[in-house]
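> Once you've had a glance at the structure underneath, I'll fire off some questions.
Here, each number is a calculation from the coordinates, and none is a lab measurement. Since the model is a prediction, treat every value here as computed from it, not as a measurement.
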Amino acid sequence: MSRKFFVGGNWKMNGSKKVADELLGNLVKGPLDPNVEVLIGVPAIYLDFVKEKAPCSIYVAAQNCYKTEKGAFTGEISPSMLKDIGIDWVILGHSERRQIFQESDTLIAEKVNHALESGLSVVACIGETLEEREAGQTEAVVAKQIKAIKDKICNWQNVVIAYEPVWAIGTGKTASPQQAQDVHKILRKWLADEVNETVAKTTRIIYGGSVTSSNCRELAKECDIDGFLVGGASLKPEFVEIVNANQ
Ligand SMILES: O=C[C@H](O)COP(=O)(O)O
């Protein structure tokens, strides 16, 4: 069973209407490998603006949403609101949400479940800190994070897993292709053992953490790396080269 390569650009809290126009222009100019699914994670305030302008071949994603449909949750947005403006994707559980905003495994799993039930597709992020890696806890940490999600959801069809070691995010320290492959392989085996073989074979596991046009090709050669979640480099013209890493 082949898995279609998937590359997401997470703009994080960056940009403006002008910058969004430039980034979209760059993507439209491409050319982008037609065998790749491309997603851009856009600040909530620009979702509508970007969705109106983006070619329909590019998925536009929110970078977060809450676990219920509506109510007294000041500052939050719900999956049904995202659907209402034509957004079909959301990034959940990013390490910046986990670390800066103290989101727990349980809250993230609840958000993933509600987003899926509301008809969104989800990029679910997991990954260990440097301290955890140095303590030899990488496997246990990612297993705990993915188990929390597994315990809440019953359908993996619309889930992409992003493995993002926290020590590699925004630091310029990319995991080596072997380091990333090792964890992706562990995750795929975990899915085979704890969910089923089909989910293990079909679920995209993408890598994030200082991916650039210089390192993407080597990473893309690894058999369990099905794409990337890109931060900093998604704000630059080189994002096109990362999308085209397999060409
Ligand atoms: O969501 C993307 C990741 O946090 C990676 O960010 P980065 O490419 O700037 O390291």
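> For region 146-247, go through all pairs of different Cα atoms, get the mean of 1/r, take its inverse, and jot down that Kirkwood value in Å.
With all distinct Cα pairs of region 146-247 included, I get 14.1 Å.
> Another question, then. If amide hydrogens are placed 1.01 Å from N in the peptide plane, which non-local residues have theirs closer than 5 Å to the one on VAL230?
GLY8, GLY9, ASN10
> For region 34-116, what is the convex hull volume of the alpha-carbon atoms per residue, in Å³?
Dividing the Cα hull volume of region 34-116 by its residue count gives 103 Å³.
> Average the reciprocal distances over every distinct pair of alpha-carbons in region 92-148, invert the result, and give the Kirkwood radius in Å. Before the final figure, lay out each step's value.
On the way: mean 1/r = 0.0844 Å⁻¹.
It is 11.8 Å.
> Long-range amide H contacts for ILE91: which residues qualify at under 5 Å (H placed 1.01 Å from N, peptide plane, sequence gap of 5 or more or a different chain)?
The answer is ALA62, GLN63, ASN64, VAL123.
> Based solely on its DSSP helices, what 222 nm [θ] is calculated for the chain when runs of n ≥ 4 H residues each add -39,500 (n - 2.57) and the sum is averaged over all residues, nearest 500 deg cm²/dmol? Before the final figure, lay out each step's value.
Details: 11 runs with 96 residues, N = 247.
Here the helix-only value at 222 nm equals -11000 deg cm²/dmol.
> Which ³J(HN,Hα) values, rounded to whole Hz and listed in residue order, are derived for region 234-246 from phi using the Karplus coefficients 6.51, -1.76 and 1.60 in 6.51 cos²θ - 1.76 cosθ + 1.60 with θ = phi - 60°, glycine and proline given as x?
So the J values, rounded to whole Hz, are 6, 9, 10, x, 5, 4, 4, 5, 5, 4, 8, 4, 8.
> Calculate the all-directions average of the projected area of region 65-176's alpha-carbon convex hull, and give it in nm².
Working: hull surface 31.0 nm².
Mean shadow area of the hull around the Cα atoms is 7.8 nm².
> Just to check, using Stokes-Einstein with a Kirkwood Rh over alpha carbon pairs, what's the diffusion coefficient of the chain at 10 °C and 1.306 mPa s in µm²/s? Mind dumping the intermediate values first?
Details: Rh = 17.9 Å.
It comes out at roughly 89 µm²/s.
> Let me ask something additional. List every residue whose amide H lies under 5 Å from the amide H of PHE5, counting only residues 5 or more places away in sequence or on a different chain, with H placed 1.01 Å from N in the peptide plane.
GLU37
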